Amino acid sequence: GRSTVSAAASAILTSRSCNHLVSKNLHHSGVLGGMHSPQPRRQRASTVVMGRKFENNKLKMAKTALAYAKKASYIGKKVVIAVKSGGDDPETNRALASVLREANSLDVPKDVVERNIKKAMDPVTEDYKELTYEAYGYGGVGFIINVLSDNNNRATADVNMIVSKTGCKSASAGSVAFNFQRKGRLTLNKEITEDELLEMAVEAGCDGDVSLEQPDPDGRSDGEEVKCVVITEATELGALQAVLQEADIGCSGALVQIPLTTVECSPEDEEANFKAIDRLEELDDVTNVEHNMKI
């Protein structure tokens with residue numbers, strides 16, 4: 001393999017830092033200490049409340065850091081796929097050029113991208129393949145587990161293990177997926193109007209429906225940089241993303257499964273389902289987990 005990344009790739013990338021996600025932000029800043037009150041009972045109650053607030057904030061920040069790490073890992077895998085199929089020069093490899101611009105929009109560090117370009121140029125490196133697994137959670141909720149892995153056997157074993165350990169049940173292919181519709185989802189770093197979207201969709205040659213949505217930080221871990229979301233046909237995702245990038249609109253695209261109907265379940269089942277989803281998404285091979293819970 002080649003030992004250096006092409007100059008064109010380095011030119012496209014911008015080096016950004018994600019230090020704001022470092023765990024130092026999780027340190028307790030002494031909020032709970034040094035409080036004096038003549039009424040000890042109230043002091044203890046206040047401490048408990050503030051302690052819960054701190055723990056909730058810490059959990060939220062940890063999830064944000066995990067979501068960022070998943071996005072960076074996903075970009076790294078897309079870089080490998082693009083380089084394996086078309087080489088390491090973005091001037092001649094449009095797929096790679098698109099991924100590099102996507103990396104910029106997500107603030108993925110330059111060294112992560114360069115490392116994966118070098119990795120992809122090594123003939124020993126396996127290519128990544130998309131895999132889909134289906135499972136049933138609590139209360140009849142369906143899961144679609146999206147995987148991007150360079151080792152099918154490992155991915156299958158890890159996913160099945162977590163499904164079993166969390167009390168869920170593996171499902172046969174199609175038994176859950178029939179209740180979902182595959183769509184393209186683009187997160188944009190700039191707000192656009194419906195008229196602007198339609199104009200760009202026409203330019204991209206889109207024949208299907210396109211729509212604007214609000215960011216979904218809780219359900220899909222959209223970061224603060226996401227200003228709006230575009231939903232398009234799965235087959236037209238790449239074409240529309242290319243037009244948006246040419247218009248200097250930072251965006252990241254992914255294929256998603258949108259439920260045709262949702263399932264209402266008890267608070268206990270909902271909590272158990274989200275715990276199972278969190279465990280699955282902690283796996284490096286798992287890109288994300290779709291579900292049809294009514295929230």
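Using packing as a proxy for protection, rank 170-176, 103-109, 128-134 so that the peptide with the highest average count of other Cβ atoms within 10 Å comes first. Could the numbers behind the result be given before it?
On the way: 170-176: 13.4, 103-109: 21.7, 128-134: 16.9.
Packing proxy ranking, top to bottom: 103-109, 128-134, 170-176.
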Subject >> GLU282 versus LEU260: modelled label distance in nm, points set 7 Å from Cα along the beta carbon direction >> reply: 3.5 nm
**OP:** Write out the GluC sites (Glu not before Pro) in segment 170-232 meeting two conditions: DSSP loop, and at most 10 other Cβ atoms within 10 Å of their Cβ.
**Re:** GLU191, GLU224
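Carbon and sulfur atoms: what percent of the 1.4 Å accessible area of segment 188-295 do they account for?
Numbers: 2670 of 5890 Å².
C and S fraction of accessible area: 45 percent.
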**OP:** Mind scanning LYS70/LYS227; LYS119/LYS183; LYS78/LYS169; LYS77/LYS118 and naming the pairs with a C-alpha gap bigger than 23 Å?
**Re:** LYS119/LYS183; LYS78/LYS169
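What does the extension gain come out to for GLU130 and SER211, with contour length at 0.36 nm per residue minus their alpha carbon separation? Display every interim value, and only then the final one.
Details: separation 81, 0.36 × 81 = 29.16 nm, distance 2.58 nm.
That works out to 26.6 nm of additional length.
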**OP:** Taking 7 Å along the Cα-to-C-beta vector as the label spot, tell me the THR156-LYS169 distance in nanometres, rounded to one decimal.
**Re:** 2.2 nm
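Quick one: compute a quarter of the convex hull surface over the Cα atoms of segment 66-166 and quote it in nm². Don't jump to the answer; show the numbers that get you there.
Working: hull surface 30.1 nm².
Average projection, Cα convex hull of segment 66-166: 7.5 nm².
Calculate, in whole percent, how much of the Cα-Cα pair population of segment 186-237 lies beyond 14 Å. Walk me through the numbers on the way to the answer.
On the way: 673 of 1326 pairs.
The proportion of pairs with Cα distances above 14 Å equals 51 percent.
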Subject >> From phi via Karplus (6.51, -1.76, 1.60), per-residue ³J(HN,Hα) for segment 77-88 in Hz, x at Gly/Pro >> reply: 5, 5, 4, 4, 4, 5, 5, 4, 8, x, x, 9
**OP:** Per residue of segment 211-217, in order, report the coupling 6.51 cos²θ - 1.76 cosθ + 1.60 (Karplus, θ = phi - 60°) as ³J(HN,Hα) in whole Hz, putting x for Gly and Pro.
**Re:** 8, 9, 9, 7, x, 10, x
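The values are calculated or read from the model by the stated rules, or taken from the named source; none is laboratory data. Keep in mind that this is a model prediction, so the values were computed, not measured. Glycine also receives a Cβ, built like all others from the backbone with ideal geometry; neighbour counts cover every protein chain displayed. When the accessible area is computed, the model is the full protein with side chains, heavy atoms only, and any ligands, DNA or RNA have been set aside. Shrake-Rupley method; radii C 1.70, N 1.55, O 1.52, S 1.80 Å.
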